[in-house]
Amino acid sequence: MENNRRKFHNDIECVPTGFANGSATDRPLTSEEKQQMIEEATVHFGNFLTALKCDWQNDPNSADTPRRVAKAYVNDLWAGRYNGFTDITSFPSDGYDGVIIERNIPLTSMCSHHHQTISGVVHIGYIAGEKGRVIGLSKLNRIVEYFGRRGAIQEQLTAAIHQAVNKVCEGNRGVVVTVVAGHNCVSCRGVKHQGAAMITTKASGVFMENDNLARKEFFDSLKINNGHVSI
Ligand SMILES: [Zn+2]
């Protein structure tokens, strides 16, 4: 069983192991391995601050910063590189052949180029098809977390989420993923423009057809309440 899961993990990855937007070698890491990684990264981040002429060891606000940063990368910002892919059970669609949409899935990620955060939302739609499979709704959120919590290039992240849904929902008639996100590397450095959003979409199957009703339903649904769900 474990071997099957591992194989599935490998199938679901789009970029080589070790890349910032890929998974770490030999993951999932044990808690001991993570702790060891934190210790090592702490030392190197301390050296990084020293190179920037920061007297971090004597500054009460900075003394523990190398460890805080190392922990944030391993446990939160890059957690998707170190943890295993969540187990996802799919179910028969039992004849439902309409569109399934989850919108406004929160996204927190990090740009691979500048290591600044990316935040926004992901909208996912798919059609299971007559003999297709459906997955638990929150599993779509898990997929976004898994690929988002790494270094990322938004274009590739969009494709990775699309591929994962496409594989998990075997026999689907189409999958569409739209990512709307702001990049801190654009707002904080370089051009320093606040408020710009990047929108990327990856579609397959019926969502590629221009006049398709499912495609229209997906994009129309993103406009309702200006994209915000009120319950
Ligand atoms: Zn960037």
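No lab work stands behind these numbers, since they all come straight from the coordinates. A quick note: this is a predicted structure, and the numbers were derived from the prediction, not measured. Cβ: placed from backbone, ideal geometry, glycine included. Neighbour counts: every protein chain shown.
Below is a table of values for the structure above.
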| quantity | calculated |
| --- | --- |
| DSSP bridge pairs, the chain: antiparallel proportion in percent, nearest 5 | 95 percent |
| Local electrostatic count at residue 49 - Lys and Arg +1, Asp and Glu -1, tallied over other residues with Cβ under 14 Å | 0 |
| Gaussian network model of the chain, springs between alpha carbon atoms under 10 Å - residue of 144, 175, 186 with greatest fluctuation | 186 |
| Phi-based couplings in Hz for region 198-206 (Karplus 6.51, -1.76, 1.60; Gly and Pro marked x) | 9, 10, 10, 9, 10, 10, 8, x, 5 |
| Fewest-first sequence of 38, 224, 105 by Cβ atoms within 10 Å of each Cβ | 224, 38, 105 |
| In region 117-167, GluC sites (Glu not before Pro) in a DSSP loop with at most 14 other beta-carbon atoms within 10 Å | 130 |
| Which of 91, 19 has the fewest Cβ neighbours within 10 Å, and the rest in rising order | 91, 19 |
| Extended-chain gain in nm, criterion 0.36 nm per residue less alpha-carbon gap, residue 54 and residue 224 | 56.3 nm |
| Amide N proximity, region 154-183 versus residue 197 label position 7 Å along Cα-to-Cβ, cut-off under 12 Å | 179-183 |
| Neighbour net charge for residue 92 - beta-carbon separation under 14 angstrom, K R +1, D E -1 | -2 |
| J(HN,Hα) series, region 177-188, from Karplus relation 6.51 cos²θ - 1.76 cosθ + 1.60, nearest Hz, glycine and proline x | 10, 10, 10, 10, 8, x, 10, 5, 5, 8, 7, 9 |
| Amide H contacts of residue 112 (H built 1.01 Å from N, under 5 Å, at least 5 apart or other chain) | 152, 153 |
| Sequence of 77, 49 once ranked by neighbouring C-beta atoms within 10 Å, starting from the fewest | 49, 77 |
| Between region 195-223 and region 13-86, the Cα center-to-center distance that results, in Å | 36 Å |
| Whole-percent pair-distance distribution, where bins are 5 Å wide, for the alpha carbons of region 68-110 | 5, 14, 14, 17, 16, 12, 10, 7, 4, 1, 0 |
| Nonlocal amide H pairs with residue 222, under 5 Å, H built at 1.01 Å | none |
